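Colleague: One structure coming up, written as structure tokens, with questions to follow.
The values are calculated or read from the model by the stated rules, or taken from the named source; none is laboratory data. The structure presented is a predicted model; accordingly, all values stated were derived computationally and were not measured. Neighbour counts run over all protein chains shown; Cβ positions are idealised from the backbone, glycine included.
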Ligand SMILES: Cc1cc2nc3c(=O)[nH]c(=O)nc-3n(C[C@H](O)[C@H](O)[C@H](O)COP(=O)(O)OP(=O)(O)OC[C@H]3O[C@@H](n4cnc5c(N)ncnc54)[C@H](O)[C@@H]3O)c2cc1C
């Protein structure tokens, strides 16, 4: 694949935004699957102004931009990602408290945020402690667990368009639905959100948090590289139950395997390619459809190529 970003452009971008530009950066270093070919250019803006300068520069150069959080819901193609990958992480991870409200940067780790809130006796994010994404990724995916979602507590999201224009949306305007939101189209980047929590007994919050983590450790293959649940749950029954009932646990394609622990996880048992995972996902979809007439919808986002 030919890179869309030249060395000369990378030098100019470094001047413009005041940070490092990594050329041909392997995306497998940034995904929980440990899969993914090179990004033409990868940048990590240290504040909102730097983020704006990166976006305006890419917009003027006519380069595509992909926004990356913690890479825990992504399957990046073996060919990698063309254009500029903008990682929203450290630098955009401030947390501040205003009564029962928390204002947090999109780059903050969800488990860190959940624990900080718990420490202050603020309830409402206990379910998020085992979700390894960033807040920005969670707002995009409307991440959730145990009948809660991030959309339930979101009051406001501050974002920036690919042309560098700032805007603010209320929780209602965010269009949160099953594993999707206003951010899902990839044309705006969240940099901060205001979440509304509630005061509660810290011991009860700690007990709930510990209970959720215990449950995950039993039910999920947390020791293996994965991107969490591969398919969305169809109404009424978990996707994993269909995959398990179809006898697919343990099925392998190359280095990708349907987890023996949780059938809706595909794990990288060593050297898996994106192609391996895509083939395995295809086999799962076809088999579940043939056996149960259920068309599973991917939850993992497939990007690049
Ligand atoms: C072990 C494990 C367990 C998991 N358990 C759960 C679970 O219980 N519930 C659940 O919902 N998910 C779960 N996940 C999936 C994943 O952690 C969540 O979807 C998480 O919210 C993704 O966040 P991220 O920062 O990793 O996003 P990424 O994977 O980096 O990106 C996901 C999408 O969000 C976009 N995006 C990221 N940041 C921004 C931003 N700032 N602005 C705009 N768009 C952005 C990306 O472009 C991409 O389209 C799990 C994953 C793993 C590996």
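Colleague: Kindly state which strands (runs of 3 or more DSSP E) lie completely within the stretch 63-121 and contain at least 1 residues that are within 14 Å of the ligand (Cβ to nearest atom), within 18 Å of residue 227 (Cα to Cα) and free of Cβ contacts under 8 Å to residues at least 24 places away in the same chain.
Modeller: Ranges flagged: none.
Colleague: Another question about this same structure. Which ones in the stretch 144-157 are crowded, with 18+ Cβ neighbours inside 10 Å and in contact with a strand residue (DSSP E or B) (Cβ under 7 Å, 6 or more places away or on another chain)?
Modeller: Those that are crowded, with 18+ Cβ neighbours inside 10 Å and in contact with a strand residue (DSSP E or B) (Cβ under 7 Å, 6 or more places away or on another chain): 150, 153, 154, 157.
Colleague: Specify the residue that is surrounded by the fewest Cβ atoms within 10 Å (Cβ to Cβ); the eligible residues are those in the stretch 168-180 that are within 16 Å of the chain's Cα centre (by Cα) and more than 9 Å from the ligand (Cβ to nearest atom). Give the derivation first.
Modeller: First, the residues of the stretch 168-180 that are within 16 Å of the chain's Cα centre (by Cα): 176-180.
Within this subset, residues satisfying the condition of being more than 9 Å from the ligand (Cβ to nearest atom) are 176-178, 180.
Values: 176: 21, 177: 11, 178: 14, 180: 16.
That would be 177.
Colleague: Just wondering, is there one or more residues in the stretch 132-141 that are surrounded by fewer than 19 Cβ atoms within 10 Å (Cβ to Cβ), assigned to a strand (DSSP E or B) and either at pLDDT 95 or above or within 12 Å of the ligand (Cβ to nearest atom) (or both)?
Modeller: no
Colleague: Suppose the filter is in contact (Cβ under 8 Å) with a residue 24 or more places away in the chain, over 21 Å from the mean Cα position of the chain (by Cα) and in a loop (DSSP other than H, G, I, E, B); does residue 164 pass it?
Modeller: The answer is yes for residue 164.
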